[in-house]
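Take this structure first; my questions come after.
The values are calculated or read from the model by the stated rules, or taken from the named source; none is laboratory data. For clarity, every value in this text was computed on a predicted model and none was experimentally measured. Neighbour counts are summed over all protein chains in view; Cβ atoms, including those assigned to glycine, are modelled from backbone coordinates with ideal geometry. Heavy atoms of the whole protein, side chains included, go into the accessibility calculation; ligands, DNA and RNA do not. Shrake-Rupley method; radii C 1.70, N 1.55, O 1.52, S 1.80 Å.
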Amino acid sequence: MSHILTLSDRTVIQTLLKVGYSQKQIAEEVGVAPSTINYELKRCPKGYYDADQAQEDCEKKLTHRGRVFDVSTATVQWLSTGFLLVNGIMIPISAWLADNVPTKRLYLITMLIFFCGTLIAFQAHSFAALLVGRLIQAVGVGVVLPLLQIMMLEIFPANQRGQAMGLAGIVVGLAPAISPTLAGYILDHGSWRILFGMLLPIIVFVLFGALFFMKDVLPGKPSQLDLWSTITSTLGFGSLLYGFSTAGNDGWGDAKVLIALAVGLVFIALFIHRQLTMERPFLDLRFFLNKDFTVGTLLSSFVTLSMVGVEMVLPLYLQDLMDHFPFVSGLTMLPGALLIGLMSPVTGRLFDQYGIRNLAITGFAILTLGNLPFIFLSATTPEILVVFLYAVRMFGISLVLMTTITNAIPVSEFSHGTAANNTFRQIASSMVTAVMISILSNVTKAHLPGHVLKSSAPLLYANRAFEATLHGYSATFLFATLFSVAGLCLALTLKPTRR
């Protein structure tokens, strides 16, 4: 029976290799057959299991396309960073577009833009072309998702809006349920181009369906496009999101991070001043003066941050500490993600009947209880327990995610309310993601033993390096848990309502 090596075993192997131990000596120290050590060294590159390189190596595993185009990991990250930047810039603009462009035309144009971006990415023969395709995709996504929410809120009566947003939540829930597992399988067994190619016929089908069956459902509120608002919005939100996106890797003290954040804050201040002094603002921010809207937006942000935080860290934990490949880590998270898609219509109907308070309190309480055990995970935690705990927290999220968004949007202005809510959550998510990456990296480095110990006492160094990695993940899970606790405290302040 073959011995299953843990990350601790592999850290020991790497440490002993560096100080000159033979494979036979390493096998005796680890307590396995020499053939197991030989197999392990053939399976993975020599430097793979050094504990203080775990995060970087994991990123390299997940950036397969970087190896295809021979670019660095930092460059590859622009596929996600650039997408988030453009997506974040387009969300505030979506409010003006929804008011000024007929619904059907706007949907067809944005889906056509998304199709063009997908096609360019599918045919890309250079990293630059692939990045251009992703940025064009982000333009379409940045408008289509807010437009979906606006349409669902507009065409359904007040007593059915929860159910309508619950149906939209199926889409939101199924995407993260399927994509990690599917993408992992494709990257393990096929070409990355399939990730884009399989979308093309689906987009064509949707375009033809919209062309023949979709109607204009949003009331037009024509207004002139304010150029200064567009410029300050683009530079402000773009710079702020860029600063947060690069802070996780370059550090908060990096000059370009500080400059980007400063520029972003200045232009956002100019943007806010402009909106508050306009008779017909480009993006109406006066909604934040309404307590119900502000509380609803904070609740939806807290649940989003708690969800994004664990979803970012858990795959790294599964791959670093449990030695899973991306496909397997996706399977581990699949039941929980499927649960949120299945529960969304149910929670929507509950929202229509009972309002937000009971759902929010119950959801955040379950989410907190599901988050807490993640702080104490280790390399020996049973995998079935991880699956169960993740499913528990996703059940709590399903009670809160779409219902808090629905409750936050004011009935008078669906387009501006949706854009303001989504913009706030986008910025908060980018900021928290950067903070969590910093926590994971800094806490791990702070607990790493000195390199002198690596040669003088390699086994002790390996054990302490492994413990340092655990400290990093525990601190990051704790930070994510704080948002569910904050959401629970805020939910307790909501007044009882009947729909």
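Of these, VAL266, VAL303, which one is surrounded by fewer than 20 Cβ atoms within 10 Å (Cβ to Cβ) and not small (Gly, Ala, Ser)?
VAL266
Let me ask you something else. Which of the residues spanning segment 141-150 are of a type outside the set (Val, Ile, Thr), closer than 20 Å to SER80 by Cβ and surrounded by fewer than 24 Cβ atoms within 10 Å (Cβ to Cβ)?
LEU145
Continuing with this model, one more query. Cβ-Cβ under 7 Å, sequence separation 6+ or interchain: first residue in segment 93-121 and of a type in the set (A, V, I, L, M), partner assigned to a loop (DSSP other than H, G, I, E, B). Which pairs?
ALA95/LEU283; ALA98/LEU218
Go over the candidates LEU211, LEU187, LEU241 one by one and state the one that is in contact (Cβ under 8 Å) with a residue 24 or more places away in the chain and touching a Pro at 6+ places or on another chain (Cβ under 9 Å).
Details: LEU211 fails: touching a Pro at 6+ places or on another chain (Cβ under 9 Å); LEU241 fails: touching a Pro at 6+ places or on another chain (Cβ under 9 Å).
Checking each option against the conditions leaves just LEU187.
Is there a residue in segment 318-329 that is among the acidic types (Asp, Glu) and either within 13 Å of the chain's Cα centre (by Cα) or over 22 Å from ILE375 (Cβ atoms) (or both)?
Here is the first cut: in segment 318-329, the residues among the acidic types (Asp, Glu) are 320, 323.
Next cut, either within 13 Å of the chain's Cα centre (by Cα) or over 22 Å from ILE375 (Cβ atoms) (or both) only: none.
No, there is no match, as no residue in segment 318-329 is among the acidic types (Asp, Glu) and either within 13 Å of the chain's Cα centre (by Cα) or over 22 Å from ILE375 (Cβ atoms) (or both).
What single numbered condition from (1) assigned to a loop (DSSP other than H, G, I, E, B); (2) at pLDDT below 80 fails to hold for ARG280?
If we test ARG280 against (1) assigned to a loop (DSSP other than H, G, I, E, B); (2) at pLDDT below 80, just (2) comes out false.
Name the one entry in LEU494, LEU488, LEU470, LEU478 that is of a type outside the set (Gly, Ala, Ser), part of a loop (DSSP other than H, G, I, E, B), open to solvent by 20 Å² or more (accessible area, probe 1.4 Å) and at pLDDT 80 or above.
Values: LEU488 fails: part of a loop (DSSP other than H, G, I, E, B); LEU470 fails: part of a loop (DSSP other than H, G, I, E, B); LEU478 fails: part of a loop (DSSP other than H, G, I, E, B).
Being of a type outside the set (Gly, Ala, Ser), part of a loop (DSSP other than H, G, I, E, B), open to solvent by 20 Å² or more (accessible area, probe 1.4 Å) and at pLDDT 80 or above holds for just one of LEU494, LEU488, LEU470, LEU478, which is LEU494.
Yes/no matrix, rows are residues, columns are (1) in contact with a helix residue (DSSP H, G or I) (Cβ under 9 Å, 6 or more places away or on another chain); (2) under 16 Å from ALA391 (Cα atoms); (3) modelled with pLDDT under 80; (4) in a helix (DSSP H, G or I):
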residue	(1), (2), (3), (4)
PHE302	yes, no, no, yes
GLY309	yes, yes, yes, yes
SER329	yes, yes, yes, yes
THR332	yes, yes, no, yes
LEU338	yes, yes, no, yes
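Quick one: in segment 185-236, which of the residues that are at pLDDT below 85 and of a type in the set (Phe, Trp, Tyr) is farthest from THR103 (Cα to Cα)?
Taking the candidates together, the pick is TYR185.
Further, regarding this structure: Mind listing whichever residues of segment 120-140 are open to solvent by 60 Å² or more (accessible area, probe 1.4 Å) and in contact with a helix residue (DSSP H, G or I) (Cβ under 8 Å, 6 or more places away or on another chain)? Spell out how you get there, then give the answer.
Taking segment 120-140 and keeping what is open to solvent by 60 Å² or more (accessible area, probe 1.4 Å), we get 120, 122-123, 125, 128, 132.
Across segment 120-140, the qualifying residues are ILE120, PHE122, GLN123, VAL132.
Still on this structure: Considering only residues of segment 314-327 that are modelled with pLDDT under 75 and either outside any helix (DSSP H, G or I) or in contact with a His (Cβ under 7 Å, 6 or more places away or on another chain) (or both), which is most open to solvent (accessible area, probe 1.4 Å)?
PHE325
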